[in-house]
Amino acid sequence: MLAEYLPILMFLGISTVIGIALIVIGGLLGPRRAGSEKDSPYECGFEAFEDTRMKFDVRFYLIAILFIIFDLEIAFFIPWAVALDSVGIVALAAMGVFLLVLVVGFIYEWKKGALEWD
């Protein structure tokens, strides 16, 4: 019975060795100090190492959340497109309703000015 677990143990052992080897090689061959690009503010627009109680604009986070919401629709399109022949007109109607809800939500956000970056 233990012989059945041998491939799993071999897989775990080889993956552990490869993982450790990659970390060691990256540590030996990687850059030793950060450059000016690494120390610059990233995406949010404010310095990372200042006072933790400083005020910042939440519009970045709003845009990021909206991007995630509307970008996740692609995760629903791919399986639907692959299985469209087998599910037929019902899936086409369901995807139409899904897209209609997303378009209405997008137009609402656009009209409310949620996508403006003034």
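Summary of computed values
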quantity	calculated
Estimated FRET transfer efficiency (residue 65, residue 110; beta-carbon r; R0 22 Å; 0.05)	0.90
Using a Förster distance of 41 Å, the FRET efficiency for residue 76-residue 25 (Cβ separation, nearest 0.05)	0.55
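Every read-out reported here was derived from the displayed coordinates using simple, explicitly stated rules and does not represent laboratory data. Quick caveat: nothing in here was measured; it's all calculated off a predicted structure. A quick note on method: Cβ atoms are made from the backbone with ideal geometry, for glycine too, and the neighbour counts reach across all protein chains shown.
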